[in-house]
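> Provided herewith is a single structure, encoded as structure tokens, for subsequent inquiry.
The values are calculated or read from the model by the stated rules, or taken from the named source; none is laboratory data. Everything quoted here is computed from the prediction, not taken from an experiment. Please note: Cβ atoms are built from the backbone with ideal geometry, for glycine as well, and neighbour counts cover all protein chains shown. Note: accessible area is taken over every heavy atom of the protein model, side chains too, but ligands, DNA and RNA are not part of it. Shrake-Rupley method; radii C 1.70, N 1.55, O 1.52, S 1.80 Å.
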Amino acid sequence: MTETLDHDIPSFPMARECPMHPPAEYRELRGREPVSRVRMPDGQVAWLVTKHELARRLLADPRVSADRLHPAFPGRLTAEQRTAVERVRRLSTRRSMIHLDGAEHGAHRKILTGEFSLRRIAALRPRVQEIVDRSIDEMLAAPQPADLVEHVSQAVPSLVICELLGVPHERRREFHEWAGMLVSRSVSMRERAAASDALNDFLEDLVTEKERGEPTDDLIGRLIARNRQTPVMTHDEIVGTAVMLLIAGHQTTANMISLGVVALLENPEHRARIAADPSLLSPAIEEMLRYFSVVENAPARVATEDIEIGGVTIRKDEGIVVSGLAADWDDEVFEHPDRLDFERGARHHVAFGYGVHQCLGQNLARVELEVVFETLLRRVPALSLAVPAEDLPYKDDAGIYGIYRVPVNC
């Protein structure tokens, strides 16, 4: 990639001027240069994609790779941070399907697909309801104002994914703490690496125990059983898959719960309509997913061949960042994207990605969001924010966008 215009290359990530809106530069770039060069925190130059159509085209293009170990794979760490992580962290060597391409990715995905089918997730719904009810009970019993994040947003997806994976009850609190540290940029690299190693060791032991013992009726146990019949994954890849499912199935949903509840509380007329007619909740959730796109600057890719797109040529071995947040605010696709329109039903958003790597757990995420929102509206109709929405501590320093604390009056 030519470096003749380095002084004109903006730095990435870009800052939000409003906590609920994407950086203003995204709209400018989308209109002027929808595939543009940006400088990553580690100093390397990558291509940033901000247009919805081009984002979907690239994510479906077999000439892009999801291999995070490729030297040109775009990262959000500085060179110093990257060195520190590589020195002490071991999780990066654990492969899972989100890092794989082609037939290898397809084989890994196929062995997992049944775990997230509509039928299996529907069967899990009553248990999700029990977890949500218990979490809300704890919030109602807590001193007021209570923190929605602590009692509901973090608790529900943590308990659901732990139950899905077969994590013992007595280990779930530390499991939850490690997962939070891995996606927070407010902790030091050494602390994050320590959490990474602790989680790695825990899941290594858990998978080993399940491999040696009697078959267990949980996702890891069933995965091990299927893998014995048709070997697809190594032991390390099963561990890496467990890590991937934990991170993907916990932090993203937790942050969407927090943001979604704030959105409902800040739009009382829509909240009242949904409470009166729960069938309106599904399109409202799709709009929330579009509007917030919590994994705002993922996925990242590397070109494996030269690609002509958006009036530029992305060369082989150049990094690409597809901004789902920018794409989901494309005003050529979503009229007035800055309006949170709960009746939009924007299912063509890319909040779950697109193409062969589209989020495997999206059915589970939707069920968790539906159950949480419906139950809160039904059981706590007087729920209100204890502080103005603009004063909430938004996660500008985290890889997954959200809110650190949401004090509410129940």
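> Which net charge results for the neighbourhood of GLU332, defined as the other residues with beta-carbon distances under 10 angstrom from its beta-carbon, given Lys and Arg at +1 and Asp and Glu at -1?
Residues near GLU332 contribute -2 overall.
> By Kyte-Doolittle mean hydropathy of at least -0.5 and Cα axial length of at least 27 Å, which whole DSSP H helices of the chain are selected?
118-141, 235-266
> Is the shape of region 208-330 rounded, prolate or oblate, going by the alpha carbon gyration tensor and its root eigenvalues a ≥ b ≥ c, with a/c under 1.5 for rounded and a/b larger than b/c for prolate?
oblate
> Answer rounded, prolate or oblate for region 341-401, using the Cα gyration tensor with square roots of eigenvalues a ≥ b ≥ c: rounded when a/c is under 1.5, else prolate when a/b is larger than b/c, else oblate.
Cα axes put region 341-401 in the oblate bin.
> Taking 41 Å as R0, compute the FRET efficiency from the Cβ-Cβ separation of ALA142 and GLU343 and round it to 0.05.
Calculated transfer efficiency: 0.75.
> Something else: Local charge sum around SER158 (other residues, Cβ-Cβ under 9 Å, Lys/Arg +1, Asp/Glu -1)?
+2
> What distance in nm separates the simple spin-label points at ALA276 and GLU53, each placed 7 Å from Cα in the Cβ direction?
The two pseudo-label positions are separated by 4.0 nm.
> Okay, moving on. I'd like the carbon and sulfur percentage of the solvent accessible area for the chain, probe radius 1.4 Å, heavy atoms only, ligands and nucleic acids excluded.
Carbon with sulfur: 51 percent of the solvent-accessible area.
> Sort out for me the Cα centre separation of region 198-242 from region 377-391, rounded to whole Å.
41
> Here is a follow-up. Using label points projected 7 Å from each Cα along Cα→Cβ, tell me how many nm separate ASN267 and ALA103, to one decimal.
Simple spin-label model gives 4.7 nm for this pair.
> Given springs between every Cα pair under 10 Å in a Gaussian network model of the chain, which of ALA55, ALA122, ALA179 has the largest fluctuation?
For the chain, modelled as a Gaussian network with Cα springs under 10 Å, the answer is ALA122.
> Can you give the helix-only mean residue ellipticity at 222 nm for the chain, where every DSSP H stretch with n ≥ 4 adds -39500 (n - 2.57) and the sum goes over all residues, rounded to the nearest 500 deg cm²/dmol?
Rounded to the nearest 500, it is -15500 deg cm²/dmol.
> Shifting gears a bit: Where in region 335-364 does the amide nitrogen come within less than 19 Å of the point 7 Å from the Cα of LEU118, taken along Cα to Cβ?
345-349, 352, 355, 358-364
> Count charges around GLU138 for me, please; just the other residues with Cβ under 12 Å from its Cβ, Lys/Arg as +1, Asp/Glu as -1.
-3
> Next question. Is the C-alpha gyration tensor of the chain telling us rounded, prolate or oblate? Criteria: a/c under 1.5 is rounded; beyond that, a/b larger than b/c is prolate, otherwise oblate.
oblate
> Toward the positive end of the charge dipole of region 291-410, about the Cα centre and with charges on Cβ (Lys, Arg +1; Asp, Glu -1), which of LEU325, THR375, PHE342 goes farthest?
With unit charges placed on the Cβ atoms, the residue in question is THR375.
> If you roll a 1.4 Å probe over the heavy atoms of the protein chains, what accessible area per residue do you get for the chain, in Å²?
Roughly 44 Å² per residue, with all protein chains present.
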